[in-house]
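Visitor: First, the structure itself, so that you have it in front of you.
The values are calculated or read from the model by the stated rules, or taken from the named source; none is laboratory data. Owing to the predicted nature of the structure, the values given are computational and were not obtained by experimental measurement. Cβ coordinates were reconstructed from backbone atoms using ideal geometry, including for glycine residues, and neighbour counts include every protein chain displayed.
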Amino acid sequence: MSDLENSQLKSFVSRIERVEAEITDLNADKRDIYAEAKAMGFDTKVLKQVIGIRRKDHAAVQENNAILALYLQELGMLDIASGVESATPDGEGALTRARARIREEKPPTELQRRYGMRA
């Protein structure tokens with residue numbers, strides 16, 4: 001390895017180590033923030049879900065909510081499904097799209113065909 005390559009390698013290793021140290025510090029800061037939120041009475045599990053949702057694309061969140069509502073409806077959990085639907089801005093339109101997408105993606109299984117079950 002040439003002196004230049006050796007120098008570059010050391011530089012990369014040093015930079016990566018600095019970033020890893022910063023990440024460790026930032027993760028400690030994040031833990032402190034969650035602890036503070038918990039001490040103030042906030043549910044940190046739900047807070048983490050909110051952070052995750054904000055990180056996602058709005059359309060993807062709508063579609064996930066619609067599919068969740070559809071599954072809950074199909075399981076007879078209408079009281080919960082209506083709450084999820086209301087979290088989906090266009091409500092029934094999103095459910096209709098979710099139903100169509102699910103039917104397009106998965107043809108009925110042999111068991112569903114044999115016993116006349118819904119796909």
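Visitor: Which of the following residues is exposed (fewer than 10 other Cβ atoms within 10 Å of the Cβ) and either touching a strand residue (DSSP E or B) at 6+ places or on another chain (Cβ under 8 Å) or at pLDDT 85 or above (or both): 60, 21, 39?
Guide: Testing whether each residue is exposed (fewer than 10 other Cβ atoms within 10 Å of the Cβ) and either touching a strand residue (DSSP E or B) at 6+ places or on another chain (Cβ under 8 Å) or at pLDDT 85 or above (or both) leaves just 39.
Visitor: Check off (1) of a type in the set (Val, Ile, Thr); (2) at pLDDT 95 or above; (3) surrounded by 11 or more Cβ atoms within 10 Å (Cβ to Cβ) for residue 96 and give me the number that stays unchecked.
Guide: (2)
Visitor: Can you work out which of the residues in the range 2-18 that are surrounded by 10 or more Cβ atoms within 10 Å (Cβ to Cβ) and aliphatic (A, V, I, L, M) is nearest to the chain's Cα centre (by Cα)?
Guide: 16
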